[in-house]
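Heads up: the structure comes next, in structure tokens.
The values are calculated or read from the model by the stated rules, or taken from the named source; none is laboratory data. Worth saying up front: this structure is predicted, and the values here are computed from it rather than measured. Because the Cβ atoms are built from the backbone with ideal geometry, glycine has one as well, and the counts that use them run over all protein chains shown. The protein model used for the area step is the full one, side chains on, heavy atoms only, and it has no ligands, DNA or RNA in it. Shrake-Rupley method; radii C 1.70, N 1.55, O 1.52, S 1.80 Å.
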Amino acid sequence: MAAAPNNPAGDTIFALSSGALPSAIAIIRISGARARMALEALAGRLPQPRQSALRTLCDAGDVLDEGMVLWFPAPRTVTGEDLAELHLHGSRAVVEACYAALRRLGLRLAEPGEFTRRALFNGKMDLAAVEGLADLLAAETESQRRDAIRRQRGAVPRLLAGWRSRLTLISAAMEAAIDYDGEEEVAGQCAWSALTDSLLAEIERAATLAPAERLRDGIRVAIVGPPNAGKSTLFNALAGRDAAIVSDIAGTTRDVIEAPIAIDGIPFVLIDTAGLREAVDPIERIGVSRALDEEDLAQIRIDLRDDAQEDARTIAVSSKADFRTPRPEHLAVSALDGRGLDELQRRLVAMARGILPGEGEVTFERRYREALFAVRDELVFAHRVPDLVLSAEHLRRAGRALDAVLGGDGLEDMLDALFGRFCLGK
């Protein structure tokens with residue numbers, strides 16, 4: 001991690017770290033050098049560290065609330081700073097009164113993600129864990145939750161650290177091949193070459209795994225076909241709600257409509273599209289163009305055309321099977337009586353499992369994948385060049401690319417974007 005300023009202003013921050021108000025309990029978290037002073041000012045005597053105690057909170061003689069308070073002295077805290085928590089009755093009036101009292105003590109409201117940012121810069125979390133936490137907070141399906149927890153618990157940095165150690169061994173073998181002549185040179189060259197092949201194979205496979213963004217954003221499923229084929233009706237049936245307008249008038253759907261859903265814990269984004277035909281209306285032409293774009297971009301498409309062909313990313317469907325004879329090679333589906341919907345969902349899940357990371361596999365964000373591609377390229381160059389000195393230089397570049405994956409240029413911009421996904425209390 002590149003060095004970065006850690007709370008240079010010495011600010012002590014506070015924020016609500018529990019759910020939206022009103023609620024049964026409101027938890028106000030305080031972090032910074034003045035946390036102890038603030039807790040003593042409001043609650044009087046400090047409780048034993050890491051033990052809760054009942055206290056009456058007062059401000060200038062005015063009782064604010066009665067609740068549980070906790071005291072966590074640095075450095076054994078989630079932020080690495082002195083930290084206190086106020087567990088109060090969850091009303092807006094109580095929380096606002098405590099906020100006002102804390103402001104009068106010179107504390108300020110935290111920015112989104114500021115607690116986690118301090119944890120990062122105080123060495124309490126690494127960047128991969130922060131990213132995993134952000135995804136965990138946003139997780140809506142079981143697969144998203146499992147992947148986020150895996151990354152929050154350090155799966156990515158452990159893997160990268162292992163590769164970095166092996167790269168160091170390869171560089172050592174290379175240096176041995178350079179320093180010695182004759183049989184020693186040949187032996188050293190064989191050693192680094194074999195080690196490089198093994199590492200290269202692992203990194204190439206990891207770089208081509210399904211990206212973390214795909215699991216986080218959901219598998220895009222486009223429903224395409226001619227007008228009045230039943231696309232919107234099928235879209236509503238899969239979404240479980242009337243998200244799209246349905247009518248017998250051809251061309252009712254003119255724009256792209258999306259609905260996030262989860263099937264068997266897997267996130268999907270359903271996409272309803274305009275009917276595909278030669279449109280005369282300029283607005284409908286735009287809708288058809290967007291439908292074709294979505295058909296190209298989707299990871300899976302449900303094709304309602306008569307000439308639809310099944311392939312690795314296409315499910316050919318005969319819709320309106322309740323009153324129309326389905327084509328024998330297509331999946332017969334009726335959104336009206338539910339015929340074929342279970343089988344359609346089963347096929348969607350089966351196709352998604354082939355697209356998403358497997359159980360236990362580590363997923364990588366874009367910046368990690370870019371670093372892995374850079375490492376892979378340097379290892380390939382190290383193999384190709386005939387001069388051992390040049391090979392050693394490519395190995396050093398590979399090491400720098402791996403080292404930079406948790407820091408380097410643009411870190412602050414990336415951190416601003418990352419922490420913007422957090423709430424105030426995180």
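The table below lists the values:
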item: Qualifying positions in the stretch 151-165 - loosely packed, with under 15 Cβ neighbours inside 10 Å and of a type in the set (Lys, Arg); result: Arg153, Arg158
item: Positions within the stretch 207-229 being open to solvent by 10 Å² or more (accessible area, probe 1.4 Å), at pLDDT 85 or above and either under 17 Å from the mean Cα position of the chain (by Cα) or acidic (Asp, Glu) (or both), in sequence order; result: Arg220
item: Odd one out for Ala173, checked against (1) farther than 22 Å from Thr77 by Cβ; (2) touching a Leu at 6+ places or on another chain (Cβ under 9 Å); (3) at pLDDT 80 or above; result: (3)
item: Test: Pro326 is crowded, with 16+ Cβ neighbours inside 10 Å and more than 31 Å from the chain's Cα centre (by Cα); result: yes
item: Yes/no for Leu102 being surrounded by fewer than 16 Cβ atoms within 10 Å (Cβ to Cβ), touching a residue at least 40 places away in the same chain (Cβ under 8 Å) and in a helix (DSSP H, G or I); result: no
item: Residue identified as closer than 21 Å to Ile219 by Cα, of a type outside the set (D, E, K, R) and either open to solvent by 80 Å² or more (accessible area, probe 1.4 Å) or modelled with pLDDT of 90 or more (or both) among Leu356, Leu304; result: Leu304
item: Flag if Pro157 is in contact (Cβ under 8 Å) with a residue 60 or more places away in the chain, of a type outside the set (S, T, N, Q) and outside any helix (DSSP H, G or I); result: no
item: Qualifying residue in the stretch 83-99 (condition: surrounded by 21 or more Cβ atoms within 10 Å (Cβ to Cβ), modelled with pLDDT of 90 or more, out of contact with any Gly (no Cβ under 9 Å at 6 or more places or on another chain) and not in a strand (DSSP E or B)); result: yes
item: Residue match in the stretch 361-370 (condition: touching a strand residue (DSSP E or B) at 6+ places or on another chain (Cβ under 8 Å) and surrounded by fewer than 18 Cβ atoms within 10 Å (Cβ to Cβ)); result: no
item: The stretch 113-131: number of residues that are open to solvent by less than 10 Å² (accessible area, probe 1.4 Å) and not in a helix (DSSP H, G or I); result: 1
item: Subset of the stretch 314-366 (residues that are farther than 17 Å from Ala229 by Cα and of a type in the set (Val, Ile, Thr)); result: Val349, Ile355, Val362, Thr363
item: Residue list for the stretch 132-141, restricted to those being of a type in the set (Asp, Glu), assigned to a helix (DSSP H, G or I) and surrounded by fewer than 20 Cβ atoms within 10 Å (Cβ to Cβ); result: none
item: Residue in the stretch 267-288 that is open to solvent by 30 Å² or more (accessible area, probe 1.4 Å), under 31 Å from the mean Cα position of the chain (by Cα) and not polar (S, T, N, Q) present; result: no
